[in-house]
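Report on the structure given below.
The values are calculated or read from the model by the stated rules, or taken from the named source; none is laboratory data. Just so we're clear, the structure is a prediction, and the values are computed from it rather than from any experiment. Cβ placement follows ideal geometry from the backbone for every residue including glycine, while neighbour counts extend to all protein chains displayed.
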Amino acid sequence: MQSALNLFRNSKFLRILLTVVIILGVICGVLVFLWNHYSITSVTITGNSHYTDDEIKDMVFSGPYSYNSLVLSMMYRNRSIKDIPFIEKMDVDIVSANSVRINVYEKAVAGYVEYLMHYMYFDKDGIVVESSNRIMDGIPFVTGLSYDHVVLHEPLPVKDPSVFMTILSVTQLLGKYEIATDRIAFDADGKITLYFGNARVALGTDDFIDEKINEMHLLLPQLQGYSGTLHMENYVGEEVNFSFDMDKEEVPAEDTGEENAEEENADTEEKN
């Protein structure tokens, strides 16, 4: 009797164990199928210029299973990715089981200034949209603006806010002609000078700014290797000869006539 009872118990245990094994096998099979069938193999990224595609991927695919389209759809269902420097938001769209599209919407940045050892990036309205210790390619450095404080998400407190539209116009025109400038400088009268290594282009006011930069992009190749200023301040929409003032070379002290004269006097004194 006891033997039969033990056999019954053992057979019941084996049935339960077999059932558990079968269930676990089915679950594992389903998981393997879901992982293989919904594994992301194609990622399309649009709208990014401040960050590379790989940097965008690192921001989006943050979890260990995030390269699965089902997991990703649950992570970003009905919500965008925000709070990333220079990016307004990112939307993640599941195109198919194996394909994802990431739409990047960047903040409209016109330029940046340096303040308290940080780079403060501002938009077309002069509103500071980002503070960073990183210089972003393609955004011009602006000097000559006068302000006594900088607050994130507030306008730079300059005397004439219209300067920001001028900066945006210059930035867009430089992008149009694929020109990279080291710096956009404003003097006390609001006149503009662009810096290209040792060469400078004095544009003056923003009158005829489109025509000036069009002419400038044709002349820039001729300035390579030179140190000086190309004057375009007097351009009035007609053909004009622009002048280029070369920087005066500093003569080393040992090559000056003054030091040679001192040496001659010293020799004369020694002979006497």
Pairs, please: C-beta under 7 Å, at least 6 apart or cross-chain, first residue under 14 Å from HIS37 (Cα atoms) and in the stretch 59-72, second of a type in the set (Phe, Trp, Tyr)? TYR67/PHE61; ASN68/TRP35; ASN68/TYR38; SER69/TYR38; LEU70/TYR38; VAL71/TYR65
When both residues are 6+ apart or on different chains and their Cβ atoms are under 6 Å apart, which pairs have a first residue that lies in the stretch 161-177 and is in a loop (DSSP other than H, G, I, E, B), and a second that is of a type outside the set (D, E, K, R) and surrounded by fewer than 17 Cβ atoms within 10 Å (Cβ to Cβ)? TYR177/HIS217
Does VAL150 meet the test of being in a loop (DSSP other than H, G, I, E, B), surrounded by 11 or more Cβ atoms within 10 Å (Cβ to Cβ) and out of contact with any Ser or Thr (no Cβ under 7 Å at 6 or more places or on another chain)? yes
Pairs under 6 Å by beta carbon, first residue of a type in the set (Lys, Arg) in the stretch 98-115, partner in a strand (DSSP E or B), six or more apart or different chains? ARG101/THR44; ARG101/ASP93; ARG101/VAL95; LYS107/GLU88; LYS107/VAL129
Of the residues SER227, SER169, SER162, which single one is surrounded by 15 or more Cβ atoms within 10 Å (Cβ to Cβ), more than 16 Å from MET120 (Cα to Cα), small (Gly, Ala, Ser) and assigned by TED's automatic domain parsing to the domain that holds PHE122? SER169
If ILE94 passes every condition in (1) outside any helix (DSSP H, G or I); (2) among the aliphatic types (A, V, I, L, M); (3) under 27 Å from ASN133 (Cα atoms) but one, which one does it miss? (3)
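Could we say that VAL100 is buried (at least 18 other Cβ atoms within 10 Å of the Cβ), in the same structural domain as LEU156 (by TED's automatic domain parsing) and assigned to a strand (DSSP E or B) here? Don't jump to the end; show me each part of the working.
Working: buried (at least 18 other Cβ atoms within 10 Å of the Cβ): yes; in the same structural domain as LEU156 (by TED's automatic domain parsing): no; assigned to a strand (DSSP E or B): yes.
It is false that VAL100 is buried (at least 18 other Cβ atoms within 10 Å of the Cβ), in the same structural domain as LEU156 (by TED's automatic domain parsing) and assigned to a strand (DSSP E or B).
Among the listed residues ASN48, ASN68, ASN36, identify the single one that is modelled with pLDDT under 70 and on the phi < 0 side of the Ramachandran plot. Give the steps one after another, and end with the answer.
Values: ASN48 fails: modelled with pLDDT under 70; ASN68 fails: modelled with pLDDT under 70.
So the residue among ASN48, ASN68, ASN36 that is modelled with pLDDT under 70 and on the phi < 0 side of the Ramachandran plot is ASN36.
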Going by the conditions given, is ILE81 crowded, with 17+ Cβ neighbours inside 10 Å and modelled with pLDDT of 90 or more? no
If you check MET216, MET120, which single one turns out to be surrounded by 18 or more Cβ atoms within 10 Å (Cβ to Cβ) and either more than 29 Å from GLY237 (Cα to Cα) or touching a helix residue (DSSP H, G or I) at 6+ places or on another chain (Cβ under 8 Å) (or both)? MET120
State all residues of the stretch 50-64 that are of a type outside the set (D, E, K, R) and surrounded by 13 or more Cβ atoms within 10 Å (Cβ to Cβ); if no residue qualifies, say none. HIS50, TYR51, ILE56, MET59, VAL60, PHE61
